[in-house]
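Notes for the one structure printed next.
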Amino acid sequence: MISNYHTHTKRCRHARGEDEEYVQAALDRGLQILGFADHSPYIFPGDYYSDFRMPMEELEDYVASVLSLREKYADQIEVKLGLELEYYPGCFEETMQVLKGQPLDYLLLGQHALGDEQGDYFTGWPTEDEAVLKRYVRQTLEGLHTGAFSCFAHPDLIKFVGAPEIYQKHMREIVREAKALGIPLEFNLLGLQTHRNYPNRLFWELVAEEGAKAIIGFDAHQPAVLRDEDLGEMITDWLGDLQINWIEKL
Ligand SMILES: [Zn+2]
Ligand SMILES: [Zn+2]
């Protein structure tokens, strides 16, 4: 592993540690590239407050901090500036207008809710409703087609607990379309380490079958996870005989 493009900061209110500690942990692991992709600020209509992302007022500080770490560690590691955000059709354009003013290297699509988030289904909630699964697929495909995203983070985030055939039928569309667009699908280590519903075996069977590009992401919410030495073995065990078309650079 030479890179990680999925690193959060304390600005999202649920990650810990100083920005620099993430860089130091990445150096300890011997990474060549460390990308910060904290939960992006989002412009919502009205006074809705989204509590798991960086507030817009902190965007400038985030950008300045990552750029200064890039300078400071230039001869040891490549520090990249990114953000992770959802595709919310009603407020994506307006949010992008603001983000475009920043020197961002890349954006990760991470679809934590459907609709425009407010009062809608969160993708970590269990559902056996095929209609919800279809909405997830439709909305994320629309997101991928905007051309704004370099990678799809935890594409298998949705916790569908219905029939495996139904799941694979719809999720295959994501895998095929990502492959056609050349957008890598992220194998999410946070999910693996904390035994969440993702990475989902049924999804990664499809990724192997279709030969779509894939990349490993830590989704680090604390610096120490970047040092975890048992991870390599954990990944190999989990994948078993699945043949994945890995890439390491976005
Ligand atoms: Zn997070
Ligand atoms: Zn994340």
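Things worth noting here:
- Positions within segment 135-174 being outside any helix (DSSP H, G or I) and either of a type in the set (Phe, Trp, Tyr) or more than 24 Å from Leu192 (Cα to Cα) (or both), in sequence order: Thr146, Gly147, Ala148, Phe149, Phe152, Phe160
- The single condition from (1) closer than 19 Å to Leu109 by Cα; (2) more than 14 Å from ligand 2 (Cβ to nearest atom) that Asn4 fails is (2).
- Qualifying residue in segment 205-221 (condition: in a helix (DSSP H, G or I), within 21 Å of Ser150 (Cα to Cα) and open to solvent by 10 Å² or more (accessible area, probe 1.4 Å)): yes
- Among the conditions (1) more than 16 Å from ligand 1 (Cβ to nearest atom); (2) open to solvent by less than 60 Å² (accessible area, probe 1.4 Å), the only one that Gly191 does not satisfy is (1).
- Scanning segment 70-119 for residues being open to solvent by 10 Å² or more (accessible area, probe 1.4 Å), over 25 Å from Ala25 (Cβ atoms) and not aromatic (Phe, Trp, Tyr) gives a total of 13.
- Residue match in segment 49-68 (condition: surrounded by fewer than 17 Cβ atoms within 10 Å (Cβ to Cβ), within 27 Å of Thr123 (Cα to Cα), away from ligand 1 (no atom under 16 Å from the Cβ) and modelled with pLDDT under 95): yes
- Set Gly211, Gly191, Gly217, Gly182: member being within 13 Å of ligand 2 (Cβ to nearest atom) and free of Cβ contacts under 8 Å to residues at least 40 places away in the same chain: Gly191
- Any hit, segment 204-215, residues being under 16 Å from the mean Cα position of the chain (by Cα) and of a type in the set (A, V, I, L, M): yes
- Test result for Arg29, away from ligand 2 (no atom under 14 Å from the Cβ), of a type in the set (Lys, Arg), out of contact with any Ser or Thr (no Cβ under 6 Å at 6 or more places or on another chain) and open to solvent by 10 Å² or more (accessible area, probe 1.4 Å): yes
The values are calculated or read from the model by the stated rules, or taken from the named source; none is laboratory data. Here the structure is a predicted model, which means the values were calculated and not measured. Don't worry about glycine lacking a Cβ; one is built from the backbone with ideal geometry, like all the others, and counts go over all protein chains shown. SASA here: full protein model, heavy atoms, side chains in, ligands and nucleic acids out. Shrake-Rupley method; radii C 1.70, N 1.55, O 1.52, S 1.80 Å.
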